[in-house]
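Below: the structure, in structure tokens.
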Protein chains: 2
Amino acid sequence: MLSKNNIKYIQSLQHKKVRDAELAFVAEGPKTVVELLHTGVFACRSLYALESWVSKLEPNQLKMVQPYLEVIKDFELEKISSYTSANEVVAIFSQQEVTSPLSAENTVTLVLDDIRDPGNLGTIIRTADWFGIPQIICSNHTVERYNPKVVQSTMASLGRVNVHYTSLIPWLKSEIAVPKFAATLHGKPVAMIEGREAAILIIGNESNGISMEVLAEADEQITIPAFGGAESLNAAVSAAILLYTVRNKRN
Amino acid sequence: MLSKNNIKYIQSLQHKKVRDAELAFVAEGPKTVVELLHTGVFACRSLYALESWVSKLEPNQLKMVQPYLEVIKDFELEKISSYTSANEVVAIFSQQEVTSPLSAENTVTLVLDDIRDPGNLGTIIRTADWFGIPQIICSNHTVERYNPKVVQSTMASLGRVNVHYTSLIPWLKSEIAVPKFAATLHGKPVAMIEGREAAILIIGNESNGISMEVLAEADEQITIPAFGGAESLNAAVSAAILLYTVRNKRN
């Protein structure tokens, strides 16, 4: 039985201020929760699940879940879930300790200049994971990675990509050795980044694109060739095409 | 001054049943509304806007808007908007007359097998528009293109791409001459579609992928090469990479 205080606490983690203070975040749904436990990047603090879900677990999964598990009823799950149709299991994890970003040398790094839509950030993290990108550098105004909608749309990739928030200008200036490509509407065709082993790829805000100051740090502007009437592409779509292209190695 | 009945009517268009019966849909926000008027594909029935927005219009825009315009107050806009922060203008358009799909010969056609997320469909329509894809064929269980969230995320591309709903199997069987590629997790590298002038590209449902019956109609399965840990890609991201690839012509 979940106490009123517990319910209030879990609900309060929907707010960034509380997540920041508690250094915690919430993940929901069997797939996301099990995979986050599996990657082991985020320490689990507690896990609330329906009996019907627990009874379906394989022995090794049950062993992983057991230390944090509290079995709850449907009506309790509904209270702590942020979905309209609650999804079997809700877990609270500790946030990762904030460390220095990894060096961008000899690798591909994605840079996000003020991505605001949580669905976009989540999709970008998931796509970066697919393409084996070790790190995403986000401007300080980019949406928080522990936002519940971000966590949901990463589909558990959150534990496999290092997402780092910083002031972009000094970081870009510090990475002298790595060529920097900014996705804009009036650059050279993106094909120029094909197969590069070291590159920094910069994606801008959904409405305003890349800020002038950040753009000034780029070595080249690159553009996804257009054939129709749309004025622009969705930020997650642009990021995906850049990542596909940079991983597209020709003989 | 908006009548109570008018407010109720506009609100009721949030429901598919009402949209179907009225053959109408709602678009919101200056950019979407002005561009939809501009493409001329959907007949405007009425347009409700703030004085502050109308006063900013250029003469030719004002002329376009005038026949449908009713100036309303902030508190009225809030009542008819589906956004939490209402966006200056709301318009009601007629749906397009349903016609037969265009032939898929000598062109690239996108096929969607039960895409359920409105944001995904909207993003796919916008991306198809960017790449100059004339037509998207949707299974009958794909989310409706006049869903407000679809309309919003197309960013006005809705008027430039023919979105057709039909039973996929007979349609695929009828297009004998065009090679059909299904995006799956275990196919040949997507590079095989580079630069093709005629192709049917099939994208599956967010959770279940492409149904067995539809898959049986494909000539080839193609896969976006993976380098990391993510199990799958977002449907709109997959569609975008396929469209970029098919438009990527090499010398």
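The values are calculated or read from the model by the stated rules, or taken from the named source; none is laboratory data. What you see is a predicted model, and the numbers here were worked out from it, not measured in a lab. Heads up, the Cβs are rebuilt from the backbone with ideal geometry, glycines too, and the neighbour counts pull from every protein chain shown. Protein only, heavy atoms only, side chains kept; ligands, DNA and RNA dropped before computing areas. Shrake-Rupley method; radii C 1.70, N 1.55, O 1.52, S 1.80 Å.
Quick rundown of the values:
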read-out	value
With Cα atoms, 0 to 90° folded angle of helix B:118-130 axis to chain B main axis	80 degrees
Rg ratio (alpha-carbon, reference 2.2 N^0.38 Å) - the stretch B:108-246	0.96
Size of charge dipole - the protein assembly as shown - debye, nearest 20, with Cβ of Lys, Arg +1 and Asp, Glu -1, no other charges	180 debye
Nm distances between copies for A:SER103, ranked from closest, using label points 7 Å along Cα→Cβ	6.0
Exposure ranking of A:SER52, B:SER153, B:SER100, A:SER157 by accessible area [1.4 Å probe, largest first]	B:SER100, A:SER52, B:SER153, A:SER157
D_trans [Stokes-Einstein, Kirkwood Rh over alpha-carbon pairs] for the protein assembly as shown, 10 °C, 1.306 mPa s, µm² s⁻¹	65 µm²/s
Residue with peak Gaussian network fluctuation, chain A [Cα springs, cutoff 10 Å], from A:THR127, A:THR32, A:THR84	A:THR84
Tail fraction, Cα-Cα pairs, the stretch B:4-94, threshold 17 Å, whole percent	44 percent
Space enclosed by the convex hull of the alpha-carbon atoms of chain B, per residue, Å³	151 Å³
For B:GLN135, residues with placed amide H under 5 Å, excluding near neighbours	B:LEU110, B:ASN162
Mean Cα-pair separation over length for chain B, i.e. relative contact order, pairs under 8 Å, 6 or more apart, %	19 percent
Carbon + sulfur, % of accessible area of chain B - ligands and nucleic acids excluded, 1.4 Å	51 percent
Solvent exposure, largest accessible area first (probe 1.4 Å, DNA, RNA and ligands not counted), of B:LEU23, A:LEU201, B:LEU37	B:LEU23, B:LEU37, A:LEU201
Part-to-part distance (alpha-carbon centres) for the stretch B:41-88 and the stretch A:80-110, which is given in Å	40 Å
Links that overshoot a 25 Å alpha carbon limit, given the list A:LYS31/A:LYS149; B:LYS4/B:LYS31; A:LYS4/A:LYS56	B:LYS4/B:LYS31; A:LYS4/A:LYS56
Average accessible area per residue (Å²) across the stretch A:2-88 - probe 1.4 Å, nucleic acids and ligands excluded	57 Å²
Amide H partners (placed H, <5 Å) of A:GLN221, local residues excluded	A:ALA182, A:LYS188
Karplus-derived 3J(HN,Hα), 6.51/-1.76/1.60, for each residue of the stretch B:231-244, Hz, glycine and proline x	7, 7, 10, 4, 4, 5, 5, 4, 4, 4, 5, 4, 5, 4
Sequence-distant residues sharing a close amide H with A:ARG45 (under 5 Å, placed H)	A:ILE92, A:PHE93, A:SER94
Contact order normalised by residue count of the stretch A:108-246, Cα under 8 Å, 6+ apart, percent	30 percent
Whole-number accessible area per residue in Å² for the stretch A:108-246, which is evaluated in the context of all protein chains at 1.4 Å	34 Å²
Furthest towards positive pole of dipole, B:GLN221, B:GLY122, B:VAL111, structure part the stretch B:108-246, Cβ charges	B:GLY122
For chain A, built as a Gaussian network whose Cα springs stay under 10 Å, the top-fluctuating residue of A:PHE75, A:PHE227, A:PHE93	A:PHE227
Loop-exposed GluC sites (Glu not before Pro) per DSSP, neighbour cap 11 Cβ within 10 angstrom, longest uninterrupted part of chain A	A:1-96
Nearest-ten-degree value, helix B:30-39 long axis tilted from longest Cα axis of chain B	70 degrees
Relative contact order, percent, the stretch A:4-94 [alpha-carbon distance under 8 Å, six or more residues apart]	43 percent
Electrostatic dipole magnitude of chain A [Cβ: Lys, Arg +1; Asp, Glu -1; Cα centre; debye, to 20]	320 debye
Burial of 10 Å² or greater, the stretch B:130-168 residues [accessible area, probe 1.4 Å, versus chain by itself]	B:TRP130, B:PHE131, B:GLY132, B:ARG160
Summed buried accessible area for B+A [probe radius 1.4 Å, Å², rounded to 100]	3000 Å²
